[in-house]
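Below is one structure, written out as structure tokens; comments come after it.
Readers should treat all values here as calculations from the given coordinates under stated rules, not as data from a laboratory. Just so it is clear, the structure is predicted and the values come from calculations on it, not from any experiment. Note that each Cβ is placed from the backbone with ideal geometry, even for glycine, and that neighbours are counted across all protein chains shown.
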Amino acid sequence: MIWASGWKLASAVSQAGGLGLIGSGSMYPDVLKEHIRQCKQATSRPFGVNIPLLYPGIEKHIEIVVEENVPIIFTSAGNPKTWTNVLKEKGITVVHVVSSSKFALKAEEAGCDAVVAEGFEAGGHNGREETTSMVLIPAVCRTVKIPVISAGGMATGRQMLAAMVLGAEGVQFGSRFVASEEASSHPSFKQAVIRAKEGDTALTLKQLTPVRMMRNKFFKEVQEAEWRGATSAELQSLLGRARAKKGMFEGDLDEGELEIGQTSALIDNILPAGKIVEMLWKEFSEALQQPLRQS
Ligand SMILES: Cc1cc2nc3c(=O)[nH]c(=O)nc-3n(C[C@H](O)[C@H](O)[C@H](O)COP(=O)(O)O)c2cc1C
């Protein structure tokens, strides 16, 4: 996750038994290299790197993960055909993030080892189709043969079990880990996440790249621009540069872009990442023992 998952968060998750991912989307190449090296120092367990494929200078990021022998790469926001073979030839496991069955099939055809099926509820960039995880997980599972990891709208172990009942073989959590001690997100943003209630996030900027964010001052400006029929160029100019950094990393809760998922309504504490992994596993195991709610 951009501006959230650096080496501290990724290594803490891996150390606790999950698969931690470094979000390279907000990193210059030398910064990414440093995060990978620090992560290796902090844990001997496997970790991965997420690379959004649409960002400029992607070749350099690919070069670094190969050089540094990162075993698992999660790609997103782009065509999986371009880089999957290059990475797989180096023995790297490649997982691609999709928001529809159509894109899941393309990822499978491109040779990806697994897909992340990311539903409408998820924080950050998202699909235009607005398919919720409840529909997307079974739809993707019946379309592809490769393993499906679900994402979007999950912040508890019980939800993890529900995703697996629907056919997912793993779950990718995002928003829950923004509210972790190790996330590099600004403390004010983390506080805003734990204060958020149902309805406090929305999917917006569909004309450019759809993104789920908090309904703050910046969101309202975008919404008003969209209502008066702003062109893509006008929206792009309103967005400007470094909005996400301003909000999530620098903590400007009014002017910044605050990417977070619907699960912010379920998250009410900031915990060490290892504790979150432990809690998810405990909730999952308890839910497995007693799947139905007792009245
Ligand atoms: C702050 C933030 C930044 C994110 N950045 C990225 C990113 O750079 N690349 C990516 O593939 N997904 C990104 N995501 C999506 C997450 O990886 C994950 O799929 C999503 O958060 C799961 O849904 P959830 O928020 O309901 O847990 C981001 C999500 C958040 C909340």
In the structure shown, of 106/206; 217/246; 60/90; 33/106, the pairs separated by more than 20 angstrom at the C-alpha atoms are 106/206; 33/106
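Given the Cα-Cα distance of residue 81 and residue 130 and 0.36 nm per residue of separation, how much length would full extension add, in nm?
Contour length minus Cα-Cα distance gives 15.3 nm.
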Could you give the nm distance between label points at residue 28 and residue 89, where each point is 7 Å from its Cα heading toward the beta carbon?
3.0 nm
Expressed in nanometres to one decimal, the distance between label points 7 Å along Cα→Cβ at residue 195 and residue 145 is 5.2 nm
The simple spin-label model distance between residue 294 and residue 207, using points 7 Å out along Cα→Cβ, in nm, is 5.4 nm
For residue 254 and residue 181, calculate 0.36 nm times their separation in residues minus their Cα-Cα distance, and state this gained length in nm to one decimal.
24.0 nm
Please work out the FRET efficiency for the pair residue 40 and residue 281, using the Cβ-Cβ distance as r and a Förster radius of 25 Å; give the result to the nearest 0.05.
0.55
Rounded, prolate or oblate: which fits the stretch 50-200, taking a ≥ b ≥ c as square roots of the Cα gyration tensor eigenvalues, rounded meaning a/c under 1.5, else prolate when a/b beats b/c?
oblate
Burial-style ranking of 112-122, 79-89, 218-228, average other-beta-carbon count within 10 Å with highest first, yields 112-122, 79-89, 218-228
Placed amide H near residue 76: partners under 5 Å, 5+ positions off or other chain
51, 53, 97
Starting with the highest mean, order 135-145, 62-72 by the number of other Cβ atoms within 10 Å, averaged over the residues of each peptide.
135-145, 62-72
